[in-house]
Structure formats: C-alpha cells, structure tokens
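Visitor: The structure's right below; bear with me while I get my questions together.
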Ligand SMILES: Nc1ncnc2c1ncn2[C@@H]1O[C@H](COP(=O)(O)OP(=O)(O)OP(=O)(O)O)[C@@H](O)[C@H]1O
C-alpha cells in the first residue's frame, strides 16, 4: 500500500489530459428513454519486463500490432502467431494516464446520469493489476485518478445555481476466501450480498463514508487498503490474496420540482490473480487462498460463457465475486475489463488464458439504465402546489418572491402542470404520518431498484392511478390493523374480567405482585405486558410509578414511594418484576431506535440478534425504510413471528431498565 498518492503529479497530468479530447463531458440523456445495450468493453495492458525478475533477458512472448490488436506466439507451432483484437491495447510503454484517459475516464460521465459503471482489473498473478488500479505515488493508477476526476465533476455539477445537489460516498470491501469483509470496518465480519427485486445488488451493513474532497478520500482509503490481505508468493512479493472492491456512489437530488433523485454506482475492482500453484510454490494458507481465488475466477469464466451462450441460468450465485458483479456483467453497468498480461515466457499459458477470457468477455452485453426516482420529501412542495390549487392568482400571491424569480419557463410550466395533475393526490397532505412513511419507503424501494420513480408529479394518468390505488390499499391495511388491535384489547379485557385478581395486579400499583413458586434454582424474570389502553390510562395517571422488587436473602421487599410500609413476604430463590407501562414504552422506543438507527454491530448488542439477523434487519431497513413499530420485525424475511416475540421479551427488560433517552 502506498503511503501517499502523489496528488500534485496527478493534478498536473489530469489538467493536461482534460485540456485534450479525453475530457469528461456531462451529457444528459433523457431519463425516460430506454438506453441502448452496452457491450462490456475490454482493454489489454502489457506490463514491461520487471527489473531483476527471472526471464528479463528473453524476447517477449507478446507483441503489439496496433492500438487495438496484439499477437502471441503459438507454442504448438512457432511459425504461427495467435492474434487478438480488443477495444484497446496498451503496450509496455503506455503510461497510467494513457489507460485512464483512454478507457476509464469516458465512462465516468454515466455516473452523473444516474447509471452504474464498473472497472475490473483481471489477469494472472504478478501481471500488473494492482499497479493499474492503485499504482504508486509516482505513477498513480485508475483509482486515485477516477476519484479525483469524479470529485471535481460532482463539485462542478453540484455548484450553487446548478439544478442538482450532488454527494459522493465510498465503501471498500474485499472478498477473501469467499467472505465479504468491510475494509473500512474490519471488525464487522462476513457480510451478506443481497439482491432487490429489480436485480440491484446490495450489501446491507457495509460502511459508507461521505467524501467531499480527494484528501478526505485518501484519509479513508489509505488505512483501509492496509487492511487488505496481501502475501508473498514466488511470483509476486506483494500478491493480493483477495478481490478488492471500491464502491463509489454518486447521489443527486434535484433542487427544484419535481425533485428527482438519481444514484450512480462505480465499482473499481482489483481482482486477485489466477495462479498456477506449480509455479507460485504456494503451500498451506497460500494454497488455500489460491484455491478460493481460482474457484471464483473459474466461476467468473462460467458466468461469462453462460451470458455469451444466452443460457437461461447464469451461475452468479456460485461465488461471492460473481454475485457481487451480477449487475456489472450482463447487468445494468457500463463495464470495462482491463486484462493485464506479462511479457515473460513463464507467463505464456496464463497470458493466453487471460486473453481468451478477455475475448469472451467482450461479447457480454449489459443494459445500463438510469436509477432515477422521485424524492417524496418533495411532498412539502406538493403542499405548496395545493396552494396553487386555490387558483392561479391566489397561488401567485401565495408563492414567495424567490419562486417568482426562478424565471425558468420550463420548470414553472412543469410545476404548474404538476400541481394540476396532482389534484387526485390532495389527500396525501392529510395522510396519516405512518402511512406517509410507508409511501416514502415505497418510493425509496422503487428508487433503489432503478425504477423511473414513483409517479407523483409530471407522470401519465395511469401511473398516478396506480399510486392512488396503492394509497387506498395501505388505508385498508391500516384499518385492518386497527380492527385487529381492538379485537386483541377486547380479548385481554375479557380475560381480566374472568380473573379479577389478575386485573387488580395490573391496575393497582401499590400492591405487591402475586408470586409464582419456582422450585428450580434459576431465577424467574417476568415482565407483565399490558394492553395498549391500560398502558395509556396508567401513563396518564399521576399515581404511576415504578415497582422495584429486591431480593434480600430469603425475604423479599416491595418498595414503592407511596407505600408507607414495605411489605415483606417469605420468598423462594426467585424474583419477579413488574415494569411500569411508562418504562415498557421507553424500552420499546429504545429498541425501535436501535432497529432504525443502529449499525449491524449495534444491532448485535441486542439479545437474540446475531450477525445474520443484524444484516437482515439493516437490509430490510435499506429497502423499506424505518420500522414504524417493533412488531414490524416479523416482516423481515428470515425472522418469524415467534422469533420476534421472543426477541421482544428478551430485550424489553434490559432496555427498559437502561438510561432514558429524550425528555
Ligand atoms: N506497467 C507497469 N510498469 C511498471 N511496473 C509494473 C507495471 N505493472 C506491474 N508492475 C510491477 O510488477 C509487479 C507486480 O505487479 P502487481 O502487484 O500490480 O501485480 P498483480 O497483477 O496485482 O499481482 P497479484 O495478482 O499477485 O496481486 C509490481 O512490482 C509492479 O510494480
């Protein structure tokens, strides 16, 4: 890992390059149009002979023909050569800037159109993948160059007065021995890869750091690169033992109506090299690593073949690497594969195999689309458009001077027409906040799936009708839930009527709890959960207070600030606890806060939540938005109603007793 990426050199080179034809232009494509399919582009880079390495005095086994083709000696017949043609060929004299400007820089603009892009460095071990992607302080590679350019572009595009507000985040992970590890949070363990119903690949729980400048990027990236697994083999002193994936997300929010938002993802991937263990001399752990590397690269080859042959099943799930690349190969990204090869004869077979893989990859077709959605926070402006519903003149009066000053006829017209089209949606502003939250989640879900957005504004009637129907269905669902709650409350009350003693216990706060006799040595903990109505009544009552039952030897005392004499009763080796409704509600709120705001690691601090469940929860939250109540947990795929209940029981006590948040 290089300690410092030479920023000055980079800026100078890039300034020179952007002055030329390689400049990244931000051409906006119509988001409604279905973009044309894009073939995976393939470039081959031949590294020079490395000083002092074996075979440095031999003639090279690869020769460039022109900027797109090369030839390799045919070992079966030395009179012949094998010829290959690619989108670009970079010979041993090519610079880092040549590769970046020629093959990588042109795809960056797609990120600002809300589309995905990926760059993969592929090739045998020691052929120069890490050099191409990361480089050295003197020769910075694709990653620092792309980041510097991208941050510059987002600054320009997101400048004040421009229509979009832009933000950039980064995540960095490695796939090591089929485990997905967060390099920005190495303690987080193996992460799961998920796919939403539109085929977008997500890694719930993966750290995302916002970055606004190159130095901020370096601050996260350099130490994280130090966490990457490298080791010495006979062919490379610093061989990457894992596939490293840098994910950069560009989020865009439109500043004016219709407040669209877009997300573009850039994957920069330094694959581990394919290895022939007879030559690497790998043993022990290196051999095991090599097995995992070769298997995932083999599956990558199978995926490419299946895509080329149009097979119905593409084996993406056969390895973590291909699962992660699912939306980059045969998926939604503009992809470029840089196949790195070495000139030495001892690499001959690896070189031919890498070139064959590269040749197959260039047949793969992707279908990039724009990830655009409508920001439902824009409901505030929707309310504003209600003002406009008062009539054009009142609306004009209601609008602030700034809005009048906008002066963009297109935008003004679209906002006005949007407000007219919105009339069936007036009830959105009167909507129950919980339901609004669900709609927001729905919008986020559609947004994350790359849909053209929830059609609230500027959209055809049919789509608006679909949305209204969804709203009505949600209304019905809420009604159903309310009925169910009433039924449950009635049931509980009826039960208590049958057992007046029980009722007394839950309503009278000054009496000790009825004790249960337990013969075992294990202490019994009991939380009395009351129906909602009772909780509300008690919460409203000034007499409400907390009961604490202390275990004192074989005697038990019940203390209460309003009980003049403590009540003593003979006790077994057990204790019971009744929590006041206020505390229960407090505990619930704390659980809910954790569920909505906690990281996967925070969630693991809860009882009955392990690594897998924590990731499931974070994943659900990313797809559906925040949980509105703790019971929503059972809606998470993989968590049953029973598990939710036992989770609640296990956590309510400890969290209710914890320090209070809020007033
Ligand atoms: N274009 C190049 N110019 C100069 N040196 C290079 C070039 N490409 C690679 N090298 C050097 O070759 C050696 C191996 O390169 P690198 O570590 O990038 O290979 P790799 O393909 O990433 O290997 P592995 O898969 O084992 O990690 C390094 O010392 C690197 O500096």
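The values are calculated or read from the model by the stated rules, or taken from the named source; none is laboratory data. Note that this is a predicted model, so its numbers are computed, not measured. Using ideal geometry, Cβ is built from the backbone for each residue, glycine included, and neighbour counts are taken over all protein chains shown.
Visitor: Within the range 590-626, track down each residue that is within 15 Å of residue 182 (Cβ to Cβ) and not in a helix (DSSP H, G or I).
Guide: 599
Visitor: Is there a residue in the range 100-121 that is in contact with a strand residue (DSSP E or B) (Cβ under 8 Å, 6 or more places away or on another chain), near the ligand (Cβ under 10 Å from one of its atoms) and over 19 Å from residue 348 (Cα atoms)? Explain how you work it out, then say what you get.
Guide: In the first step, residues of the range 100-121 are kept if they are in contact with a strand residue (DSSP E or B) (Cβ under 8 Å, 6 or more places away or on another chain); the result is 102-104, 107-108, 110-121.
Now narrow it down to the ones that are near the ligand (Cβ under 10 Å from one of its atoms): 121.
Still in the running and over 19 Å from residue 348 (Cα atoms): none.
Checked against the condition, which is being in contact with a strand residue (DSSP E or B) (Cβ under 8 Å, 6 or more places away or on another chain), near the ligand (Cβ under 10 Å from one of its atoms) and over 19 Å from residue 348 (Cα atoms), the range 100-121 yields no hits at all.
Residue by residue, here is whether (1) at pLDDT below 95; (2) within 16 Å of the ligand (Cβ to nearest atom); (3) farther than 30 Å from residue 625 by Cβ; (4) not assigned by TED's automatic domain parsing to the domain that holds residue 127 holds:
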{"site": "171", "(1), (2), (3), (4)": "no, no, no, no"}
{"site": "176", "(1), (2), (3), (4)": "yes, yes, yes, no"}
{"site": "185", "(1), (2), (3), (4)": "yes, no, no, no"}
{"site": "199", "(1), (2), (3), (4)": "yes, no, no, no"}
{"site": "203", "(1), (2), (3), (4)": "yes, no, no, no"}
{"site": "209", "(1), (2), (3), (4)": "no, no, no, no"}
{"site": "212", "(1), (2), (3), (4)": "yes, no, no, no"}
{"site": "245", "(1), (2), (3), (4)": "yes, yes, no, no"}
{"site": "249", "(1), (2), (3), (4)": "yes, no, no, no"}
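Visitor: Mind listing whichever residues of the range 317-361 are without any contact (Cβ under 8 Å) to a residue 60 or more places away in the chain, touching a strand residue (DSSP E or B) at 6+ places or on another chain (Cβ under 9 Å) and closer than 21 Å to residue 104 by Cα?
Guide: Taking the range 317-361 and keeping what is without any contact (Cβ under 8 Å) to a residue 60 or more places away in the chain, we get 317-318, 322, 330, 356, 360.
Restricting the remaining residues to those that are touching a strand residue (DSSP E or B) at 6+ places or on another chain (Cβ under 9 Å) gives 330, 356.
Listed by number, the list holds a single entry, 330.
Visitor: Out of (1) farther than 19 Å from residue 321 by Cα; (2) in a loop (DSSP other than H, G, I, E, B), the odd one out for residue 222 is which?
Guide: Unmet for residue 222, out of (1) farther than 19 Å from residue 321 by Cα; (2) in a loop (DSSP other than H, G, I, E, B): (2).
Matching residues to (1) at pLDDT below 80; (2) closer than 20 Å to residue 244 by Cα:
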residue	(1), (2)
274	yes, yes
277	yes, no
327	yes, yes
339	no, yes
343	no, no
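Visitor: Turning to a different aspect of this structure: Considering the range 66-85 alone, what residues qualify as being away from the ligand (no atom under 16 Å from the Cβ) and either modelled with pLDDT of 95 or more or under 28 Å from residue 145 (Cα atoms) (or both)?
Guide: Restricting attention to the range 66-85, the residues satisfying the condition of being away from the ligand (no atom under 16 Å from the Cβ) are 66-69, 71-85.
66, 67, 68, 69, 85, listed by residue number.
Visitor: Given the conditions (1) away from the ligand (no atom under 16 Å from the Cβ); (2) surrounded by 14 or more Cβ atoms within 10 Å (Cβ to Cβ), which single one is not true for residue 159?
Guide: Among (1) away from the ligand (no atom under 16 Å from the Cβ); (2) surrounded by 14 or more Cβ atoms within 10 Å (Cβ to Cβ), residue 159 violates only (2).
Visitor: Among the residues of the range 86-95, is there at least one that is under 30 Å from residue 60 (Cα atoms) and more than 15 Å from the ligand (Cβ to nearest atom)?
Guide: To start, the set of residues in the range 86-95 that are under 30 Å from residue 60 (Cα atoms) comprises 86-95.
Remaining after also requiring more than 15 Å from the ligand (Cβ to nearest atom): 86-87.
Looking for residues that are under 30 Å from residue 60 (Cα atoms) and more than 15 Å from the ligand (Cβ to nearest atom), one finds at least one in the range 86-95, hence yes.
Visitor: Moving on to the next point. Given the conditions (1) outside any helix (DSSP H, G or I); (2) surrounded by fewer than 24 Cβ atoms within 10 Å (Cβ to Cβ), report the number of the one that residue 107 does not fulfil.
Guide: (1)
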